1. Which percentage, to the nearest 5, of the DSSP beta bridges contained in the chain is antiparallel?
2. Alpha carbon centre of region 341-397 versus region 140-206: separation in Å?
3. Over the residues of the chain, compute the C-alpha Rg and express it relative to 2.2 N^0.38 Å.
4. Which far-off residues, 5 or more places away or on another chain, put their amide H under 5 Å from the one on residue 52, with H placed in the peptide plane?
5. Could you list 273, 36, 123, 361 in order of exposure, starting from the residue whose Cβ has the fewest other Cβ atoms within 10 Å?
6. Compare the peptides 315-323, 246-254, 167-175, 283-291 by average per-residue count of other Cβ atoms within 10 angstrom and give them in order, highest first.
7. Rank by packing, highest mean first: peptides 217-229, 48-60, with packing defined as the count of other Cβ atoms within 10 Å averaged across residues.
8. In what sequence, highest mean first, do 87-96, 381-390 appear when ranked by Cβ atoms within 10 angstrom?
Amino acid sequence: MANPLDTLLIIDLTHVLAGPFASMTLGDLGARVIKVERPGIGDDTRAFPPFKEGESGYFAAINRGKNSIALDLKAPGDRAIFERLLAQADVVMENYRPGVMETLGYGWDELHERYPRLIYGAVSGFGHSGPEALKPAYDMVVQARGGVMSITGEEGGPPVRVGASIGDIVAGMYLTQGILTALYQRESTGLGCKIDIAMLDAQLAILEHAVAIASVTGAAPGPTGARHPSITPFSTYRAADGFFVIAAGNDALFAKLCDALDLPDLAKDLRFVTNAARCENVALLKRLIESQTLNASRAHWIARLERFGVPTGKVQNVSEALEDPQLLARNMVLPITPRPGGPAFVGAGNPIKMTGLEERVAHPSSPALDQDRATILEWLAAAEKQQTAKSDTLPKK
């Protein structure tokens, strides 16, 4: 089966998470990703725990299926190899601070002149423009600056970082979208373009309700715990044996919830008859709901609410999520094929399900540092030979 991006070649200079997450996504869609790493060190995440038989599970999960070659872009011999790779590539990706690629002689202007079809994807903390473009940033910095931490956590508590590294991951998602858009554009223009993704920009872009609240009311929203600030009831609730969630996102669902809880009069109570009223009386409504839910187990209430058509679910830890039958049925928990003699890891599957895309039951292995040098150089020589032979058959002007 031919995957959608089977003909795409990506030269990936990125490290840690935002860029590697993007190239992982494109690799899952069929692209060949050649990961260019620092000699002797490689990607920083090779040193990130947890470790198994001396290898990083973090690195394995994000870099599965990629090829690795170690190149020093200040060394003439390695620069020559890098430029040969660029001549074959569709996309080059980097996540250095702005100006580093220019110093190396590989900035957008230089590369676009030499390789006009090449797409240049850059991801950095603050982007390639603006007064703070040169500042360093990590996930926590942009979660803080972008407003995400101010609305995360419990009401009255300190700011809390989102547990997943959404500063990096969301930027990686936007970089993926930008690259796919640039590929589509190239079909009509014949030219590549530069994509400039700032992690900080991406954080503001995902604050759908918070931006609306701040801009309309003039007051910045604060944390509301698990509760949605604009929809009620839409939060965690206690059962006799732990937490579960109820997401009654409209009046019809609220009426069904009231019937399921044997509280039919609540749906007619003026304090709760509209979503706006329920938001005004959220604390009282939660107490009334939990006066019922505390009397039985989560399993009881989830089964009952599902019978009534109310969206609900158990609050699972990650180990439980890895065993969730729905996720397993959709191949979202997959083994990562170990290299010969290497450890076996598990990673998340590809959430993009589409016709024409191979549905994996296992991921290919992640590479050892520089393991694919010989294979890459052999392929490169063959590709250049084929390219030369093709050009020799073209009519001479």
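1. So the antiparallel bridges in the chain amount to around 40 percent.
2. Using only Cα atoms, the two centres lie 27 Å from each other.
3. 1.19
4. Result for residue 52 returns 57.
5. By the 10 Å Cβ count, ascending: 361, 273, 36, 123.
6. Per-residue Cβ counts within 10 Å, averaged per peptide and sorted highest first, yield 167-175, 246-254, 283-291, 315-323.
7. My ranking of the peptides, most packed first, is 48-60, 217-229.
8. Final packing ranking: 87-96, 381-390.
Where a number appears in this text, it was derived from the coordinates with a stated rule and is not lab data. As the structure is a prediction and not an experimental result, all values here were calculated from the model. Glycine gets a Cβ as well: all are built from the backbone with ideal geometry, and neighbour counts include every protein chain shown.
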